[in-house]
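Working notes, beginning with the structure itself.
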Amino acid sequence: MKLVLRVLLFLLVVIGLVTCEKLEENLLEGPIELSTQEQRFLTESDCDGAVRLCYNALAFDDWWQVHFWRLCNDAATDDAWVGDTVKNYDINPPRISNNPLDSNKARNDTIAAPPFKRRLEIMQAGHYTLDTRGERLRDFYQSNFKGIFLCNSAIAGLSTSKIAENVKNRLTAEAKFLRGFYYFELVKNFGGVPVITSVVTTEYLDTMTRASVAKVYRQIKQDMTEAAAVLPTLTEQNAKDRGRATQGAALAFLAKAELYDGNWETALNAAKKVIEAGDYALEPDFGQLWNPSNVNSREFIFSIGTGVWPFNAFGNPIPLMCGTRAEKGWGYLCPTSNLEQHYLADQDSVRLKWTIIKHQQPVPGDTTKRFNARPDVSKSARFSRKLYTPSEQRFGGSGTKLPHNVIFMRYADLLLIAAEAAYHTNNTGIAIEYLGQVRQRAKLNTNPGLSGSALLNAIYKERRSELAFEGHRIFDLRRTKQLNQIFGTLGSFVTYNLGSTDFYETSNKREKQDKGIKYTANKHELWPIPQDELNRRRGLRQNPGY
């Protein structure tokens, strides 16, 4: 199911009674409180507009709020090099700050660097040298809290509105779903964070403390459960509402949250409700998932279908950020030869074809016959086909954005969630069945005799094969305790790269070949709380090791 961002096009019209200037001004200053007095909930249009605004935090309107940090997460895996080496980056540059908030702090607590230096964060995240001062790290943290505060404001306003009860309940459920989504983003990246479910004062925010990880997950699961009880199924949803949250989306994220929290039976039950409802299905052709025009695929449970618009707020910056510099891209997230070998070892030609583009080779689904990866400034001379927009579909948008779907949850992910949960509940047959469905689409067989650790490892490997460059890998490695097997001085990925004979990777020395060697156990399972937030919010405490 797509999340059609055209709803945002009409945002200012739809919520004409909202004092948007004041709201936007507040949002630009960081995660501060939003009073329901700043919005009016007199009509259905008012209420609908307030909830539509909650969706905005999924992507906001530029690359720096949330998109860039999502790339940083992929860069911190064995799937991707940072890639762009147009400059000889220093992964530990000096930092200074002119931020007034730092008047009582050491000047090196936070940074105010020129734009090109801010992009060093992706190199630091990818090579595990990140500290607390990153601006993009801060933006991601704050942007998700902005989404939470927008949801809290909408829920509070809806509670006293006089609109039809069924509409009020649906809109409230959408806001709860989105609040759960934003908390899930935060807990995966930072661990325990403050849990706020009502409109609060600035004074409260300045003294709030971090909740436990368990409490954050309880809130996520409560929001998703309550949303699922009210939201329409995909088939029940009105055509004009396509792209908004559904019961299936809420249950799918509930299943994922339960999986992350180690509650296998409840994860399996939630996933099976979606699977057995039959609203969603695998896209028959794996390559069609990456066609920007295919925004109505039944595989998309929750995603952003950006469409093609001549407005800055529309389109997706990621294809440009992850595009070759030969085509005016930024050159980030170059697939590793390690990932390519992963596909080759499984004879997985279908997903290899649609995941990795190589220098001087044709681009699947495009007219390009000899792809120019600019190996002189590209670590591996490989780029992600999933994040690539075919040349004939690059019309419209702005100078920095292209039409391209952003997928947060698709049916294949849900099947693998169910397979993993089934394994842990001793439902081996179900686990193999769901695993097999995903592999069958890739024209691969599944060993029906798999069991024990071999079955679990097969599911883990399948998640890498199926979901590369979709933002899941770093969190899979963290939750399954595999980071210290892959990174660090003895990590398999580090060892592989130090012994690599790949021509392009070993020829380009501007990104260090020992990527991941600085990983530290019991530290890098989480990212640091941004220093700006520690300076601003006196009740917060830092994650271990930072």
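Just so it is clear, none of the values below were taken in a lab; they were calculated from the coordinates. For clarity, every value in this text was computed on a predicted model and none was experimentally measured. Cβ sites come from the backbone with ideal geometry, for glycine too, and all protein chains shown count toward neighbours.
Just a few scattered comments:
- In terms of packing, defined here as the mean over residues of other Cβ atoms within 10 angstrom, the peptides 328-334, 201-207 line up highest first as 328-334, 201-207.
- In loop segments of region 322-393 as defined by DSSP, there are no GluC sites (Glu not before Pro) with at most 13 further C-beta atoms inside 10 Å of their C-beta.
- Near ILE356, the amide H atoms lying under 5 Å from its own belong to ARG385; only residues 5 or more places off or on other chains count, and H is placed 1.01 Å from N.
- Relative contact order (percent, whole number), region 305-402, Cα cutoff 8 Å, 6+ residue spacing: 37
- Extent along the principal axes, Cα only, for region 479-546: 50, 27, 16 Å, with the longest axis given first.
- Net +/- balance of residues flanking ARG439 in space, Cβ distance below 15 Å, scoring K and R +1, D and E -1: -2
- A viscosity of 1.306 mPa s and a temperature of 10 °C, combined with the Kirkwood radius over Cα pairs in Stokes-Einstein, give a translational diffusion coefficient for region 305-402 of 114 µm²/s.
- Cα-based reach from LYS176 at 19 Å (exclusive), listing lysines while leaving out same-chain residues under 8 positions away: LYS2, LYS146, LYS168, LYS188, LYS215, LYS221, LYS256
- Computed across region 187-284, the Kirkwood hydrodynamic radius from all distinct Cα-Cα pairs reaches 15.2 Å.
- Relative frequency of Cα-Cα separations exceeding 15 Å in region 146-231, percent: 58
- For region 42-82 versus region 158-189, the gap between their alpha-carbon centres in whole angstrom: 16
- Each peptide in 522-529, 171-178 was scored by the mean count of other Cβ atoms within 10 Å over its residues; highest first, the order is 171-178, 522-529.
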